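Read through the structure below, which is laid out as structure tokens, and then see the notes.
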Amino acid sequence: YSTVDGPRLGSLLALVINGTVSTTQAKKILSVMYYDDLTSDPQYISESRGWKLQSDPTILYELCQQVLGNSKYEQQLEQYKKGGKHVVKMEKFFLGKIMAESRGNAHPEVLADVLKCSLEELVDN
């Protein structure tokens, strides 16, 4: 017998399908629904714990600028500017750093697009 009923599980799936939460966040929400909060709606749990994907390009752009402007990553930025085989590797490096900065709340696809634009701006300047 499960403490998670059908309507609550369906609500959680809807959050994932709509892109409101990631699958990783959904696993955390499901764990809370099963062990801790036996009655609350998944939407409420995600909002109260800050588990929502950030898909606003403006906010993601600011995060990109913050990480790309960090002096700790000057060497990696120079590698990206060199081009060639370093481009993809450094894009993934920066994507990981920005995801860490957002505590995993950045929408991966939107972030990848915003990061690509941010890096191209830096190379063009």
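Couple of notes before you dig in:
- Taking amide H atoms as placed 1.01 Å from N in the peptide plane, the amide H of residue 54 lies under 5 Å from those of 106, 107, each 5 or more residues away in sequence or on another chain.
- Applying a threshold of 29 Å to the alpha-carbon distances of 27/82; 27/85; 27/97; 28/72; 28/82 flags 27/82; 27/85; 28/72; 28/82 as lying beyond it.
- Cα-based helix-to-principal-axis angle, 108-124 vs the chain, degrees rounded to 10: 10
- Solvent-accessible surface of the stretch 1-50, averaged per residue with a 1.4 angstrom probe and all protein chains in place: 63 square angstrom.
- Protein accessible area in the chain, 1.4 Å probe - carbon and sulfur %: 52
- As computed over the stretch 1-45, the Cα convex hull volume per residue (Å³): 61
The values are calculated or read from the model by the stated rules, or taken from the named source; none is laboratory data. If you're wondering where the values come from, they're calculated on a predicted model, not measured in any experiment. Heads up: the accessible areas ignore ligands, DNA and RNA and are worked out on the full protein's heavy atoms, side chains in. Shrake-Rupley method; radii C 1.70, N 1.55, O 1.52, S 1.80 Å.
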